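J.: The structure follows.
The values are calculated or read from the model by the stated rules, or taken from the named source; none is laboratory data. Keep in mind it's a predicted model, so treat the numbers as computed, not measured. Backbone-built Cβ (ideal geometry, glycine too); neighbour counts: all protein chains shown. Side chains are part of the model used for accessible areas, which takes the heavy atoms of the whole protein and leaves out ligands, DNA and RNA. Shrake-Rupley method; radii C 1.70, N 1.55, O 1.52, S 1.80 Å.
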Amino acid sequence: MTRTHRCIAAVAFSLLVATTVPLSAQTVTRGPYLQVPTHNSIIIRWRTDQPTDSKVSYGTDLNNLSFTATDTTLTTEHYVQLTGLSPYTKYYYSVGSSSQVLSGPANDHYFVTSPLPGTVKPIRVWAIGDFGKANTRQNAVRDAYLNYTGSTHTDVWLWLGDNVYDNGTDQEYQDKVFDNAYYGQVFRYMPFWPCPGNHDYVSVSPPTATKDPASPSHTGPYYEIFEMPTAGEMGGVPSGRELYYSFDYGNVHFISLNSELGSPFNPSHDWTGARLTGSFTSSPLTEWLHQDLQANTQPWVIVYFHQPPYTKGSHDSDLFYERYMIAMRETFVPIFDQYGVDLVLCGHSHVYERSYLIKGHYGNSSSFDPGTMLVDGSSGIDSLGEAYVKDLTQPNGNEGTVYVVCGSSGSLETGAALNHPVMFTGYGDKGGSFILDIHGDTLHGRFLNESGEILDHFTMYKILPPDTTPTSTAGFAELVKGFQVYPNPFIGEVEVAFHLLQPAAVVIDLFDIRGRQIKTLYTHAHLHAGKHTLVFHKSDFPANGVFLLRMTTNGHEYIERLIKSY
């Protein structure tokens, strides 16, 4: 729901009730909840049982909320945007009216603004799908995550669709999502970025046309309750509509797509390629996606939507009538491949599944060809030396995507086949959520079940084009032959072996991936000709990740990229 429409509705409502309703609300019945936290602003929303004006007090000191933002409109649906904030800063707040405070200040009434786009910092992401069922599993999954993350701040909370069951009504959202028995208290400090699912769309008006830039004008609880960054205020190309959007958080680019915009029976309404007849070329959604990915400058790209391209869970992506999943696979996966999307997160199928690093699979499961479509068919497990590596310094080095289905954060399918050939692993008998930790050139993904156990994990390293990396100098090959670094990636120790063709001074320096020198690992002023093997221990490296090893001999140098794993 746009700010303009909300203000018009609120003003009309205030004129109706101003002479008969007191200005002070008695109870907060929904929220407060946090939306669109940019690096210098945030939206705070809440609902009250009586119409009143709106006031937010806030500040960096819980005991001194020295700033205020107000809206004099009488309403029960309160919307206040705070501006002029500092990047990546923690603020405490309270909400209420001009006459009374209704919620906060308290230790759990806070928000953290986003860092400036492109900032390299540790980022924690929590993703849940198919969760709003008001059952014990929903709460167990929530509690398992809160216990796991502890004092580590959750930077990005992603909703993978079917956010409430069964019909996506406002009352269902109230009873099964916003109630304090479920996420009500979490909303006070953890903002979220949703995408819609088919159950959310039961109460959403259908699209009216596909090529008109002003359509479809979807309305309904999902669009009235949530705010999305549609104007590029968090990075990304403005989508201009809440149907889909993108945003940057640190050095990660997130894209929320809408897999419910397909239409099997009306091609004029079909934005995804779900139609049963006729050919699909493009839509405003696909055109925007191309523009957004072309403009992206962040090294990590994560896309999320509801209907998974690949699954053998409570849904089967092979079945002819699963037109929405087929459309996401046939129309959108080629776009992901074109731009080197790193990770795709989905719900809908009430299981957990995680793929290998794959590329080029656009058909049903029987058409999967490991010989041409597996970029990396290993486990992705770092401790086994099998982490996925995407080397952006090499031609085609950014190929491959990992696909995750996490539709078991409230739902479950215990009889699932879980035998899709693109998948490395899957769980149909364990509800849970998906956790991402991203820092610089490293991404760790984990499936945390409702009992607090990590049942799956993988790591992806991205070798980025360094900003100031030293370059190899001609002449090195005339002094050194057979230069090897083994194993690479390594866990405990790494050997650097080389053969000097003549006596030379040798220096081996360690750099981070951006070309900043960390330390000198070895130096010798006059090393004899012949074979040499140097062994470096994991303690010689400051952390896990991607490094540059520079060997210099008599003024000539050579650079080797090295990965330290768990």
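J.: Could you tell me which residue of region 324-362 is surrounded by the most Cβ atoms within 10 Å (Cβ to Cβ), considering only residues that are hydroxyl-bearing (Ser, Thr, Tyr) and farther than 22 Å from residue 199 by Cα?
T.: Of everything passing the filter in region 324-362, 355 is surrounded by the most Cβ atoms within 10 Å (Cβ to Cβ).
J.: Restricting to region 264-276, give me the number of residues that are modelled with pLDDT under 90, among the hydroxyl-bearing types (Ser, Thr, Tyr) and not in a helix (DSSP H, G or I).
T.: 0
J.: Scan (1) out of contact with any helix residue (DSSP H, G or I) (no Cβ under 6 Å at 6 or more places or on another chain); (2) assigned to a strand (DSSP E or B) for the single condition residue 291 breaks and write down its number.
T.: All conditions pass for residue 291, except number (2).
J.: Among residues belonging to region 353-372 that are in a loop (DSSP other than H, G, I, E, B) and charged (D, E, K, R), point out the one that is farthest from residue 459 (Cα to Cα).
T.: 369
J.: Given the conditions (1) open to solvent by 20 Å² or more (accessible area, probe 1.4 Å); (2) more than 30 Å from residue 440 (Cβ to Cβ); (3) modelled with pLDDT of 95 or more, and given that residue 88 satisfies all but one, which numbered condition is not satisfied?
T.: That leaves (2) as the condition not met.
J.: Can I ask one more? Just wondering, is there one or more residues in region 530-545 that are at pLDDT below 90, on the phi > 0 side of the Ramachandran plot and surrounded by 15 or more Cβ atoms within 10 Å (Cβ to Cβ)?
T.: The answer is yes, given that some residue of region 530-545 is at pLDDT below 90, on the phi > 0 side of the Ramachandran plot and surrounded by 15 or more Cβ atoms within 10 Å (Cβ to Cβ).
J.: Could you tell me whether residue 502 is in a loop (DSSP other than H, G, I, E, B), open to solvent by 60 Å² or more (accessible area, probe 1.4 Å), more than 24 Å from residue 444 (Cβ to Cβ) and without any contact (Cβ under 8 Å) to a residue 60 or more places away in the chain?
T.: yes
J.: Out of region 290-322, which residues are within 14 Å of residue 421 (Cα to Cα) and not acidic (Asp, Glu)?
T.: Those that are within 14 Å of residue 421 (Cα to Cα) and not acidic (Asp, Glu): 309, 310, 311, 312, 313, 317.
J.: Can you tell me which residue in region 449-475 is farthest from residue 401 (Cα to Cα), limited to those that are at pLDDT below 60 and in contact with a strand residue (DSSP E or B) (Cβ under 8 Å, 6 or more places away or on another chain)?
T.: By that ranking, first place goes to 473.
J.: Scan region 96-120 residue by residue and report those that are open to solvent by less than 20 Å² (accessible area, probe 1.4 Å) and either in contact with a Lys or Arg (Cβ under 7 Å, 6 or more places away or on another chain) or at pLDDT below 95 (or both).
T.: 96, 97, 109, 115, listed by residue number.
J.: Specify which of the listed residues (214, 209, 144, 181) is out of contact with any strand residue (DSSP E or B) (no Cβ under 7 Å at 6 or more places or on another chain) and at pLDDT 95 or above.
T.: 181
J.: For region 378-392: of the residues being at pLDDT below 95 and more than 21 Å from the chain's Cα centre (by Cα), which is least open to solvent (accessible area, probe 1.4 Å)?
T.: Ranking the qualifying residues of region 378-392, first place goes to 385.
Yes or no, residue by residue, for (1) part of a loop (DSSP other than H, G, I, E, B); (2) in contact with a helix residue (DSSP H, G or I) (Cβ under 8 Å, 6 or more places away or on another chain); (3) touching a residue at least 40 places away in the same chain (Cβ under 8 Å):
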site: 379; (1), (2), (3): yes, no, yes
site: 390; (1), (2), (3): no, no, yes
site: 409; (1), (2), (3): yes, yes, yes
site: 417; (1), (2), (3): yes, no, yes
site: 433; (1), (2), (3): no, yes, yes
site: 436; (1), (2), (3): no, no, yes
site: 443; (1), (2), (3): no, no, yes
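J.: Only one of 375, 405 is open to solvent by less than 30 Å² (accessible area, probe 1.4 Å) and either within 30 Å of residue 560 (Cα to Cα) or hydrophobic (A, V, I, L, M, F, W, C) (or both); which?
T.: 405
J.: So is residue 298 out of contact with any helix residue (DSSP H, G or I) (no Cβ under 9 Å at 6 or more places or on another chain), in contact (Cβ under 8 Å) with a residue 24 or more places away in the chain and either open to solvent by 10 Å² or more (accessible area, probe 1.4 Å) or within 16 Å of residue 198 (Cα to Cα) (or both) or not?
T.: Here the answer is yes, as residue 298 does meet what is asked.
J.: Scan region 336-352 residue by residue and report those that are part of a loop (DSSP other than H, G, I, E, B), among the hydrophobic types (A, V, I, L, M, F, W, C) and farther than 18 Å from residue 437 by Cα.
T.: 351
J.: So residue 327 clears everything in (1) of a type outside the set (Val, Ile, Thr); (2) more than 28 Å from residue 131 (Cα to Cα); (3) outside any loop (DSSP other than H, G, I, E, B); (4) in contact (Cβ under 8 Å) with a residue 40 or more places away in the chain except one condition, right? Which one?
T.: The single condition residue 327 does not satisfy is (2).
J.: Having 3 or more residues that are not hydroxyl-bearing (Ser, Thr, Tyr) is the bar; report the strands (runs of 3 or more DSSP E) wholly within region 149-260 that clear it.
T.: 156-159, 252-256
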